[in-house]
Structure formats: C-alpha cells, structure tokens
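Scroll down for the structure; my scribbles are underneath it.
The values are calculated or read from the model by the stated rules, or taken from the named source; none is laboratory data. Remember, it's a predicted structure, so these values are computed and weren't measured experimentally. Don't worry about glycine lacking a Cβ; one is built from the backbone with ideal geometry, like all the others, and counts go over all protein chains shown.
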Amino acid sequence: MAKSTLQTRDRSKMIKQLLRNKKAVVGAVIILGFALGAIFAPFITDHHPTHQNIRNRLQGPSSENYLGTDQFGRDIFSRILHGGRLSLRVGFTSVGIALLIGGTMGLTAGYYGGFIDNLFMRFVDVLLALPGFLLALAIVASLGAGLENVIIAIGIANIPPFARMMRSSVLTVKELDYVAASVAIGSSDVRILLRHVLPNAINPIIVLATLGLAGAILSAAGLSFLGMGAQPPTPEWGSMIAMARPFIRVAHYPVTFPGLAIFFTVLSLNMVGDGLRDALDPRSSHTT
Amino acid sequence: MWRYILRRVVMLIPVLIGISIFAFLMIHLTPGDPARLMLGEGAPTEQLEALRTRMGLDQPLPVQYVTWLGSALQLDFGRSLRSNKPVILELRERLPATIELALAAVAIALAIGIPVGVISAVKPNSIFDNVAMVGALAGVGMPPFWQGIMLILIFSVSLGWLPSSGRMGGVEYIILPAITLGTAATASVARMTRSTMLEVLSQDYIRTARSKGLSRGRVIIRHALRNALIPVITIVGLQFGFLMAGAVLTETIFAWPGIGRMMVEAINAKDFPIVQGTIMMFAVMYAFINLVVDIAYAFLDPRLRTQYN
C-alpha cells in the first residue's frame, strides 16, 4: 500500500511542522487546559456553579474561592469551568451545523453546477448580505432568546465560508484526470465525492473549522452578553459579564475573569488555527 | 469600467430582495401571534384586531410582503411601536452617531495598523514583529463588550480621565468607544499589511529599484507600500461592515446613541418595525460599502482597469 505510507509520511511531516510552530503549541496547550477544566469541572471544584451565598458576595480571590465570588456569592472559578462546557458545546455544535449544511451545499453546488449551483450560491450571497454577528443577532431576534437558538443562529451565519471553500475545492478536483477516470469506470457520484473530492478539501476545512470555532465562541458570548443567549443563572461567560457589570465599582473580578476566559480561549484557538493553516494549507496566506 | 459597475449593481438586487424577505418574515418566524407579542399578553381583543389591520397582518403573506416591500422602497418601514414615530426618522436620527463611531474606529485602525504592519514586514521575525503579531492575534480575539468595560474601569472609574458613556459632543466621549470598536480592525489591518508587504518586498521590481540606487526608505514607501495597500483597502472595506456589527455591542456598553444600540433595544422591546428597519439599513450600507470597495479595487489595480476599459 504505497499510497497509505505516503499519506502517513505527509501527516507526520505536517505534525512535525506544527510542533515547531511555537504559537500553535502554546495555543493547543491552553485550549486543552480549558477543555479538561470544563470536562472535569465537578471533580476540580467542590463549589456548585449556581449555589448562592449572599453573605459572601463580591469577595476577592482567596484560598476558598480561587477567583473570588460574584454578586450572589457564587464561586467564580466554578462558574468559569462550567461555563467552559457551554462555550465549547456551543462552538462545536454551531460549527458542526455550518460544516454539515455549508459543506453539503458547496459539494453539490460545485459538483453538479447549473441550477443547483446558482440557487445555493445566491442563498450564500444573501447570508453574506449582513456581517456574521448581525445576521446571528437577527436570527436569534426572530427565533427568540436561548442557547439552542444561539447555536442555530451562529451555525447558519457560518455557512458561507464552508460552502464557498467546499465548492471551489470541488471545482479544482473535478478537472483532474483521476476523477475523470473514476467517472469513466462508472463510479457513482457519491463515491466520487466521498473518495476523491472530500479528502482533497479536508485540510482547508480543518483550518476553517478551528478559526470558526474561535469566532463562534466569541459570537455566542456576545449574544449572551446582550441577553439573547443563555439565561441566568446558567453559568455562561458572556452572561456572567453582563450580570456582574452593575457591580463593577465594588468588585471587578466577576467581570474580569470570565472576560479573560473568553479572551484566552479565542486567542488560543486562533493561534492553533493560524499554525494549522501554515502547516496544512500553505497556499492561502494570512488574510484576516 | 461602467459595465463592471453596472454588473456589480445588478448583482446586488437579488441579494437585497433575499434580505428583505428575511427581514419581513422575522415577525412571522417568531413563535406566537405577532400582534399579541407586540402588545403583551393581557391586551384586549379590539386592540389586537386594530393592530392586525393597521399592520396588514390579516392579509395573506405574499400580499403582506409586496405591500411591505413597496413601502420599504419608498423608505417607509412603518412606525415604531414604542415611540409611534416613523422608523425612517428614528434611523435618520441615530445613523450619524454610528457612522461617526465607525469612521473614528477606521481612522485608528489605519493610523496604527499600517505602520505596525510595514515595520513588521521590513523586519520579519524580529522582536517587534513577534510582539506585534501576537498582539494582533490578541486584538482579533478580544471580546469587545469586555474590553469596553475594562477600558471604562481603568480610564473612567479608576483614573477619571474619560467619560464612561454618552455622546455629549466632546471628543473625549468618542475615544473609548472608538478604541473598543477599532481594536479588531487595527489587528486585521496590521496582519494584512504585513503579509502583502512581505509579498511585494520579494518582487523583482523592488530589487531593481534598490539596485538603481534608491534609498531603502524610499523604496519601501514609494514602491512597495503603494502596491501593498491595494489588498488592504479590501480589508478596510470589509472591516467597515464588521464595524457596523461590532457597533451593536460597543454602542450598548457606552450608551452611544447609534443604530446598533437602537436595534438591541428594539429586539428586547419586540419593536419589530424598528428591527426590520435597522436590518435593512445595515444590509444596504454593507452592500454599498462592498460595492465601493470593489470599484475602488478595480480602479486602483491597473490590471483590472485595463481589462474593463
């Protein structure tokens, strides 16, 4: 199996290149830390994220409450760990929706061309008529506030890049000889798409998905900050900031720490995404 | 050139129709009876009926859409449910504040982003370059709502140097909102300038210019930067769109009376005519900016210019 060894060699070369990229490694370590903290939150801290203790409100960091307490005396450290679960869930599911819908649209549009291509791409143009965050906000405004609707909205708003990227990958691959050969020996459309077209598009998709994850987490926090996402007392980073804001003159910890959590999560995902782009998709340069 | 512009304008029409369908359908996508949503649970039946008739909610959907679009084309988006003022008047009142804020943010992005990008490209992998590029990445990942609150905490609450909210006319009011809104754009401009400068600096004509005896500074400014800035213009244009989106959060934090904050207030109050009006306003502005950017791009790039002449 000459082909598979070639692929393995390619992959290990990529991983080596990725490990040499200091930014990507640092980013990966931070994001891994957040993910582990989110997964094992109940084992890391004894404090329940929604347990109130009014007499102990707005306290600074201490050995009991590592990051202090919020306006209801809830433990901020515990709320940030549990909030990480929500942020990661929102990020992964919304990017998953975008990837599934956008990817399928791009794949069919590029492969079949003609009417379907026109229809899908005009739909993508309409989605692009508003900047992503505004589109998500408008969708949530019509569906109603709530975390599920935020996931749907951000998922829809993220369709365009996946659809466009997938379509252009298909168009490039379609012209290659081995695809023509595959058509000639009578392979089905589905087989051609899955066996020949998709593997060629997988690297840019990984890059796009990583950067999309960062954007989705940032947007979700922004929507929750505006009161459109997770509702109190759910420990969500954006909503924690919004709820604690009126008390900022007394104690800034309940605002500062959730913000730092968002900031470092998004920054480290972007660092990993940048590194992945340099390693997996060298043709596209830094554009954003 | 004119043919190119005409084609771009014609391409906008289906997009704007699509967005108008979405804006129109918003009321109907919301679960529940729109009239009851707007008037609240305990509203008497006569009032509900009156509102339905006034807004044409008793007509079939396509008829409603055509009527709505017909008025919208004449800039009539109905009246605000709260203030009862025409939506277009409210928009006109609030729009200057948003444009002012976006322009200030773009100014910051260009004034800081371009020099940082150029220096980074001239000295790639230097300490300056590394610090600047990590900083730029941090700028992209900064949650604007949090950054705004932190700036207020430092410069208004602790130091007392700048006002924390409002738009009372003085320059001091716009500084913190403009920095908050401009951070991500500054970061993007710096990254884009760096990567295009790096590309341009490796071109043959740069070597030629250097070898015919021109100074390094002159080559960088006159030969390289001029060409490197063309893609940067695209980014600035796109950023202008993202700035309008970011305005929603920034204006909310700083109580800046623009259309972004107006949209959030209207969503919370279920004031749908205002929400529809702001969405259409944002979409038209965004389309117009993208159009101008594309035309400017075609005009500035000699290859595209000759292609269409």
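Inspect the range B:251-270 for any residue being closer than 30 Å to B:Thr193 by Cα, in contact (Cβ under 8 Å) with a residue 12 or more places away in the chain and of a type in the set (S, T, N, Q) and give the result as yes or no.
Within the range B:251-270, not a single residue is closer than 30 Å to B:Thr193 by Cα, in contact (Cβ under 8 Å) with a residue 12 or more places away in the chain and of a type in the set (S, T, N, Q).
Answer with yes or no whether A:Ala98 is under 30 Å from B:Leu37 (Cβ atoms) and within 14 Å of another protein chain (Cβ to nearest Cβ).
For A:Ala98, the condition - under 30 Å from B:Leu37 (Cβ atoms) and within 14 Å of another protein chain (Cβ to nearest Cβ) - is not met.
Could you figure out which of (1) surrounded by fewer than 16 Cβ atoms within 10 Å (Cβ to Cβ); (2) in a helix (DSSP H, G or I) isn't true of B:Met280?
Among (1) surrounded by fewer than 16 Cβ atoms within 10 Å (Cβ to Cβ); (2) in a helix (DSSP H, G or I), the lone unmet condition for B:Met280 is (1).
Report, by residue number, each residue of the range B:163-204 that is within 14 Å of chain A (Cβ to nearest Cβ), of a type in the set (Gly, Ala, Ser) and in a helix (DSSP H, G or I).
B:Ala184, B:Ala185, B:Ala187, B:Ser188, B:Ala190, B:Ser195
Which of (1) more than 10 Å from every other protein chain (Cβ to nearest Cβ); (2) assigned to a loop (DSSP other than H, G, I, E, B); (3) loosely packed, with under 15 Cβ neighbours inside 10 Å; (4) at pLDDT below 85 is the odd one out, the single condition A:Ser187 does not satisfy?
(3)
Report every pair of residues separated by at least 6 positions or lying on different chains whose Cβ atoms are under 7 Å apart, first residue within the range A:30-43 and under 14 Å from A:Arg89 (Cα atoms), second at pLDDT below 85 and surrounded by 14 or more Cβ atoms within 10 Å (Cβ to Cβ).
A:Gly37/A:Ile44
Residue pairs, Cβ under 9 Å, 6 or more apart or interchain, first in the range B:25-39 and among the hydroxyl-bearing types (Ser, Thr, Tyr), second assigned to a loop (DSSP other than H, G, I, E, B) and at pLDDT 70 or above. List them.
Filtered contacts from the range B:25-39: B:Thr30/A:Gly144; B:Thr30/B:Lys270.
Does A:Ala261 satisfy being surrounded by 23 or more Cβ atoms within 10 Å (Cβ to Cβ), at pLDDT 85 or above and either over 19 Å from A:Tyr66 (Cα atoms) or among the hydroxyl-bearing types (Ser, Thr, Tyr) (or both)?
no
Show the residue pairs that are 6+ apart or on different chains and have beta-carbon atoms under 7 Å apart, the first residue being within the range B:73-96 and under 26 Å from B:Ile13 (Cβ atoms), the second being of a type in the set (D, E, K, R).
That search, which allows pairs on different chains as well, returns B:Pro86/B:Arg79; B:Val87/B:Arg79; B:Ile88/B:Asp76.
Kindly provide the set of residues from the range B:205-218 that are among the hydroxyl-bearing types (Ser, Thr, Tyr) and assigned to a helix (DSSP H, G or I), ordered by number.
Passing the criteria: B:Tyr205, B:Thr208, B:Ser211.
Within the range B:1-42, how many residues are farther than 22 Å from B:Val275 by Cα and either surrounded by 17 or more Cβ atoms within 10 Å (Cβ to Cβ) or more than 11 Å from chain A (Cβ to nearest Cβ) (or both)?
Count: 11.
Scanning the range A:243-257 for residues that are part of a helix (DSSP H, G or I) and either of a type in the set (S, T, N, Q) or at the interface with another protein chain (Cβ under 8 Å from one of its Cβ atoms) (or both), which turns out farthest from A:Ala230 (Cα to Cα)? Let's see the steps before the verdict.
Going through the range A:243-257, the residues part of a helix (DSSP H, G or I) turn out to be A:243-247, A:253-257.
Checking which are either of a type in the set (S, T, N, Q) or at the interface with another protein chain (Cβ under 8 Å from one of its Cβ atoms) (or both) leaves us with A:245, A:255-256.
Values: A:Arg245: 16, A:Val255: 16, A:Thr256: 19 Å.
Here the answer is A:Thr256.
Only residues that are facing chain B (nearest Cβ under 7 Å) and closer than 28 Å to A:Ala279 by Cα: list them for the range A:208-235, please.
A:Ala214, A:Leu218
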